[in-house]
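The values are calculated or read from the model by the stated rules, or taken from the named source; none is laboratory data. Treat the numbers as computed from the prediction; the structure is a model and nothing was measured. Here the Cβ is made from the backbone with ideal geometry for all residues, glycine too, and neighbour counts use every protein chain on show. When the accessible area is computed, the model is the full protein with side chains, heavy atoms only, and any ligands, DNA or RNA have been set aside. Shrake-Rupley method; radii C 1.70, N 1.55, O 1.52, S 1.80 Å.
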Amino acid sequence: MNKPHIVKFSGGRSSGMMLMKLLEGNKLKPERGDVIVFNNTSAEHSATYDFTRSMKKLAEGKYNIPFFFGLSIKHMKIQVTLINGLESLLTNW
């Protein structure tokens, strides 16, 4: 069975280059369930968010690969993950 690939995108240049190589090389497949995830720590530079939004638009628009934004609240003993408006509460993180 061909399992979905989950690509962690940091919002940096190296991560952007890796993602572009995967997209342009047709290594990510929407029919397999592949996704891209950006974990927002709320400490990123504003340019990181701009770049991440542009990569999301490209991945979803041109390549049909879902691109999710996650939100981490690390100073608490829980993590709340927001993905397309759905909330998942993870304890003991």
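Where only protein heavy atoms count, and the probe is 1.4 Å, what is the accessible area per residue for segment 1-56 in Å²? Before the final figure, lay out the partial values.
Working: 3600 Å² over 56 residues.
Heavy-atom accessible area per residue stands at 64 Å².
Once you list every other residue whose beta carbon is under 14 Å from the beta carbon of HIS5, what net charge do they have if Lys and Arg are +1 and Asp and Glu are -1? Kindly include the intermediate steps, with their values, before the conclusion.
Values: positive: LYS3, LYS8, LYS21, LYS27, LYS29, ARG32; negative: GLU31, ASP34.
Counting the neighbours of HIS5, the net charge comes to +4.
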